[in-house]
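All remarks here apply to the structure that follows.
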Amino acid sequence: MNKIEVRGLSKSYKERRKKRRSPGDCGYRHGCPVLQDLDFRIEEGSFTCFIGPSGCGKSTLFRIMAGFEKPTTGEVLVDGVPISGPSTRHIFVFQEDGLFPWMTAMENVALGAGRFSDPVEREREIRDFLDMVGLKGFENHYPHELSGGMRRRAEVARALIANPEILLMDEPFGALDFITRLQMREEMVNVHQMFDSTILFITHDIDEALQLGDRIIMLSGRPSSVKADIPLPFPHPRDLAIGEMASLRKEIYFHIGIHAAL
Amino acid sequence: MALKGLHLHPLISFGLAILAWEAAIRCLDVPAYRFPGPLAVAEAMKELALSGRLFASITASLFRVTWGFYLATCAAIPLGLVMGIYGPARAFLNPLVQFLRPISPLAWIPVALMWLGIGDRSAIFLIFLSSFFPLLVFTMSAVLSIKVTYIRVGLNFGVTGLKRYTKILLPAILPDIITGLRITLGTAWLVIVAAEMIAVKSGIGYLIIDGRNSMRMDYVVAGMIVIGIIGLALDWTISRLEMLPSVRWVRKRR
Ligand SMILES: Nc1ncnc2c1ncn2[C@@H]1O[C@H](COP(=O)(O)OP(=O)(O)OP(=O)(O)O)[C@@H](O)[C@H]1O
Ligand SMILES: [Mg+2]
């Protein structure tokens with residue numbers, strides 16, 4: 001069943017300048033087109049990875065799907081209904097730090113726990129979720145007292161406890177070190193198996209996309225459109241070094257112009 | 001060790017400054033009526049303290065600064081919030097504020113004297129003016145510079161109504177507000193001395209101008225030192241606020 005339907009979606013940033021800032025200035029005279037005629041459907045409960053060159057409009061696409069911004073033309077339907085604005089039904093995990101620095105880990109996660117009306121139950125759920133992401137003992141720490149990886153995990157816990165129908169993750173692990181990223185990747189596979197949320201996930205890391213996704217949507221450079229749509233019907237855990245995964249991996253690297261995949 | 005160094009360094013620098021002062025007075029053979037040495041000033045300080053005049057001057061000045069600053073805070077922060085949040089209010093009032101802001105509070109002294117006469121009310125009014133505009137601008141720009149991510153997170157998690165202000169807006173701007181208070185209180189303390197030289201007949205500013213008129217340079221310098229000490233104490237008091245756990249994040253992030 002289709003959860004999300006993106007139809008003829010285009011976005012240009014309106015800023016028009018009379019003066020050219022540089023020879024190929026994007027905002028000169030016309031608005032700067034970022035997304036052009038995107039069309040795709042996302043199946044309920046699936047895990048879709050988005051890859052594409054930097055600045056191609058991935059975050060813009062996600063901001064529109066989360067309801068923070070309006071498209072220039074086209075529409076995004078969730079369960080057949082156009083998105084009207086931000087909602088706890090689709091939670092965004094931001095590319096940059098999205099925890100409130102003035103709240104402890106627990107208070108931050110409590111933001112997502114509004115659906116529990118009984119305070120005792122709510123507190124127990126919050127503790128369970130913090131525990132699940134390995135933050136037991138850090139409930140009362142402020143974000144600046146946590147490591148980068150712990151902050152990301154707290155943010156994921158805050159998103160998951162809201163039990164969103166859609167989870168939009170914009171390069172959530174981009175700023176982490178390699179080992180931590182691998183650990184977070186594993187946790188995301190578990191999350192996908194444990195929760196029913198439809199997950200949309202931006203990454204620059206092709207291996208990450210191959211490890212996590214049920215499907216990869218590859219966007220072209222700005223103005224961006226869907227360049228390739230690759231299903232990944234492989235069971236977890238996945239080994240990228242052998243079999244079909246390995247050849248698919250080579251193919252994708254080839255697609256983006258890197259001919260000697262490592 | 002770090003703590004020790006923290007306490008030792010200012011002691012050394014102050015000690016050296018006093019020694020240099022004494023040495024300069026002796027070497028250049030400056031007469032006490034032109035500029036007194038540290039011992040003469042200490043003597044004057046003791047005299048002022050024993051006569052009760054020092055204490056009375058300090059309380060008079062602090063009384064005015066406290067009231068002026070307090071009233072300015074009560075008026076500027078709410079208005080700054082409104083101007084930060086509500087675009088039309090900003091479009092309407094900001095030009096006026098920016099026009100009035102660069103007019104030194106000292107330029108208002110004649111107006112204050114005309115309206116309010118010599119006395120506390122004039123001085124408090126001048127302190128109010130000196131604090132009101134900077135605090136207003138600090139508050140407004142703090143609201144305008146809140147990270148858009150925080151606003152989006154709030155919308156995303158359905159933080160609405162009054163909670164938007166108590167859980168997001170106010171905590172997000174609190175560190176900026178405290179910095180604003182700190183800087184503004186420093187300015188207020190600068191202005192009170194000048195105001196007291198003209199608009200009233202008590203307080204530390206008056207102590208200094210009166211010392212000059214009666215050729216007591218030792219009183220003048222003693223007054224200056226008291227101003228410095230109290231300025232430090234005020235700044236230290238407000239800087240404690242920056243250590244609150246829900247405010248400390250700003251420093252840590254850099
Ligand atoms: N508010 C804005 N006003 C004007 N142009 C914008 C605005 N936001 C984004 N853009 C432009 O839109 C394009 C896409 O930005 P976006 O942040 O979506 O890229 P991205 O694909 O997420 O890149 P990255 O992978 O580096 O995060 C960029 O060229 C950027 O200059
Ligand atoms: Mg991005």
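Within the stretch B:104-133, how many residues turn out to be assigned to a helix (DSSP H, G or I) and free of Cβ contacts under 8 Å to residues at least 24 places away in the same chain? Before the answer, list the steps.
Of the stretch B:104-133, the ones assigned to a helix (DSSP H, G or I) are B:105-116, B:120-133.
Then drop every residue that is not free of Cβ contacts under 8 Å to residues at least 24 places away in the same chain, which leaves B:107-108, B:110-111, B:114-116, B:121.
Adding up the residues that qualify gives 8.
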Inside the stretch A:83-95, can you point out the residues that are more than 16 Å from ligand 2 (Cβ to nearest atom) and either under 15 Å from the mean Cα position of the chain (by Cα) or more than 10 Å from chain B (Cβ to nearest Cβ) (or both)? A:Ile83, A:Ser84, A:Arg89, A:His90, A:Ile91
Looking only at the stretch B:237-254, which residues are in a loop (DSSP other than H, G, I, E, B) and modelled with pLDDT of 75 or more? B:Glu242, B:Met243, B:Leu244, B:Pro245, B:Ser246, B:Val247, B:Arg248
When residues of the stretch B:148-176 are filtered for being at the interface with chain A (Cβ under 9 Å from one of its Cβ atoms) and not aliphatic (A, V, I, L, M), how many remain? 10
Here are some conditions: (1) of a type outside the set (Gly, Ala, Ser); (2) more than 17 Å from B:Ile229 (Cα to Cα); (3) more than 20 Å from the chain's Cα centre (by Cα). B:Pro105 meets all but one. Which one does it not meet? (3)
Give just the number: which of (1) buried (at least 16 other Cβ atoms within 10 Å of the Cβ); (2) within 21 Å of the chain's Cα centre (by Cα) does B:Val153 not satisfy? (2)
Close pairs from the stretch B:134-152: first charged (D, E, K, R), partner assigned to a loop (DSSP other than H, G, I, E, B), Cβ under 6 Å, at least 6 apart: B:Arg152/A:Phe68
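Among the listed residues A:Leu167, A:Leu210, identify the single one that is within 24 Å of A:Thr48 (Cβ to Cβ), modelled with pLDDT of 90 or more, more than 16 Å from ligand 2 (Cβ to nearest atom) and in a helix (DSSP H, G or I).
Within the list A:Leu167, A:Leu210, the selection yields A:Leu210.
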Would you confirm whether or not the stretch A:132-140 contains a residue that is out of contact with any Cys (no Cβ under 8 Å at 6 or more places or on another chain), among the polar types (S, T, N, Q) and surrounded by 15 or more Cβ atoms within 10 Å (Cβ to Cβ)? no
Number of the exception - A:Ser117 against (1) within 16 Å of ligand 1 (Cβ to nearest atom); (2) farther than 21 Å from A:Leu176 by Cα: (1)
The residue from A:Asp196, A:Asp214, A:Asp205, A:Asp239 that alone is among the acidic types (Asp, Glu), within 13 Å of ligand 1 (Cβ to nearest atom) and out of contact with any Cys (no Cβ under 8 Å at 6 or more places or on another chain) is A:Asp205
Considering residues that are free of Cβ contacts under 8 Å to residues at least 24 places away in the same chain and either surrounded by 22 or more Cβ atoms within 10 Å (Cβ to Cβ) or assigned to a helix (DSSP H, G or I) (or both), the number found within the stretch B:191-225 is 9
Count of residues meeting criterion [away from ligand 2 (no atom under 13 Å from the Cβ) and either assigned to a loop (DSSP other than H, G, I, E, B) or in contact with a Ser or Thr (Cβ under 7 Å, 6 or more places away or on another chain) (or both)] in the stretch A:36-52: 8
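If you check A:Gly55, A:Gly45, A:Gly80, A:Gly67, which single one turns out to be away from chain B (no Cβ under 13 Å), within 16 Å of ligand 1 (Cβ to nearest atom) and at positive phi?
Going through A:Gly55, A:Gly45, A:Gly80, A:Gly67 in turn, just one is away from chain B (no Cβ under 13 Å), within 16 Å of ligand 1 (Cβ to nearest atom) and at positive phi: A:Gly55.
Any residue in the stretch B:81-92 that is in contact (Cβ under 8 Å) with a residue 40 or more places away in the chain and within 20 Å of the chain's Cα centre (by Cα)? Lay out the reasoning, then the answer.
Going residue by residue through the stretch B:81-92, those that are in contact (Cβ under 8 Å) with a residue 40 or more places away in the chain are B:81, B:83-85, B:90.
Among the residues that remain, those that are also within 20 Å of the chain's Cα centre (by Cα) are: none.
No, because not a single residue in the stretch B:81-92 is in contact (Cβ under 8 Å) with a residue 40 or more places away in the chain and within 20 Å of the chain's Cα centre (by Cα).
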Just one listed residue, out of A:Gly55, A:Gly98, is surrounded by fewer than 21 Cβ atoms within 10 Å (Cβ to Cβ) and within 16 Å of ligand 2 (Cβ to nearest atom), and it is A:Gly55
Kindly indicate whether B:Asp218 is within 14 Å of chain A (Cβ to nearest Cβ) and not basic (Lys, Arg). no
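The values are calculated or read from the model by the stated rules, or taken from the named source; none is laboratory data. Since this is a predicted model, take the numbers as computed values, not measurements. Virtual Cβ from ideal backbone geometry, glycine too; neighbours counted across all protein chains shown.
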